[in-house]
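Structure first, commentary second.
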Amino acid sequence: TEIKQLNVNKLLDKNNPIDIHSTYLGAHSIPTEFKNKKAEYINTLLQDLEVIKDQDLAEFVDIFCEDSVFNKEDSHRILSRAKELGFKLKIHADEIVSLGGANLAVSLNASSADHLMAISDHDIELISKSNVVANLLPSTSFYLNKDYAPARKLIESGAIVSISSDYNPGSSPSENFQFSMQLAANKLRMTPYEVLVAATINPAYSLGLKEKIGSIARGKQADIVVLNAPNLDYLVYHFGINHTKDVFKNGKLVVKDRELV
């Protein structure tokens, strides 16, 4: 099923103006048929990594490093093999329990450590001295009624912070990324400028695309969203609506007044 989805992504990437960067997240939970057989399931994941690499189906490999799913040792084994095969790494880290997932992300030089709602002060210090992007998902905290990630501590320590929607049917069933940005301002206590940076250039850095996208500069890809807002503060102040007016992709107008061109 995972490989089927990755194949769909590959087809979409060829026939869609949106840039798609696929991640393999087979290690998100233990399937029912592998109940009490985690070691056997991990072996199937390791085999799948080779198939996915051979078929060039994903750029990143991710894992849910959590107390009740894949522990730190499991995560190290899977991500180390993924790195050997040439994948870039991501990790669901310290979402519910502080297991040291952020620490593992730093040791393996992962592109990002996601969630971080339960990250320890020690690991904040570690990630702040690394190139690992601390990717925060405030919409997930909102939907699950969980604590929010310590964005202020991360930013003030010097960590690279980005924001994502974590759009998925289980914990963040909303496509509204602007709402994620607004939650970052209201609940993560980020300034409007910090939110802008966390939604643009820092995610580009985590994808290895900082020189191509993420800011408006000569020589970069002209991916530009024009907002119907008088200033940046208004974007995060007036919440729950779509402020988008026009969208340019590769310099081409693809959405005008919220309608596809």
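Go through the stretch 214-261 residue by residue and tally those that are open to solvent by less than 60 Å² (accessible area, probe 1.4 Å) and basic (Lys, Arg).
2
Hey, does the stretch 101-116 have a residue that's farther than 21 Å from Leu207 by Cα and not acidic (Asp, Glu)?
no
Residues being modelled with pLDDT under 95, more than 19 Å from Gly208 (Cα to Cα) and hydrophobic (A, V, I, L, M, F, W, C): count how many of those fall in the stretch 1-28.
Matching residues across the stretch 1-28 total 3.
When Ile127 is evaluated against the numbered criteria (1) open to solvent by 40 Å² or more (accessible area, probe 1.4 Å); (2) more than 15 Å from the chain's Cα centre (by Cα); (3) at pLDDT 95 or above, which criterion, by number, is the only one it fails?
(1)
What single numbered condition from (1) in contact with a helix residue (DSSP H, G or I) (Cβ under 6 Å, 6 or more places away or on another chain); (2) within 26 Å of Asp19 (Cβ to Cβ); (3) buried (at least 19 other Cβ atoms within 10 Å of the Cβ) fails to hold for Val197?
Here Val197 clears every test but (1).
If you go through the stretch 30-41 one residue at a time, how many are closer than 22 Å to Leu85 by Cα and either in contact with a helix residue (DSSP H, G or I) (Cβ under 6 Å, 6 or more places away or on another chain) or open to solvent by 90 Å² or more (accessible area, probe 1.4 Å) (or both)?
2
The values are calculated or read from the model by the stated rules, or taken from the named source; none is laboratory data. Computed from a predicted structure; not experimentally measured. Every residue, glycine among them, receives a Cβ derived from its backbone with ideal geometry; neighbour counts consider all protein chains shown. Surface areas here come from the heavy atoms of the whole protein model, side chains and all, with no ligands, DNA or RNA. Shrake-Rupley method; radii C 1.70, N 1.55, O 1.52, S 1.80 Å.
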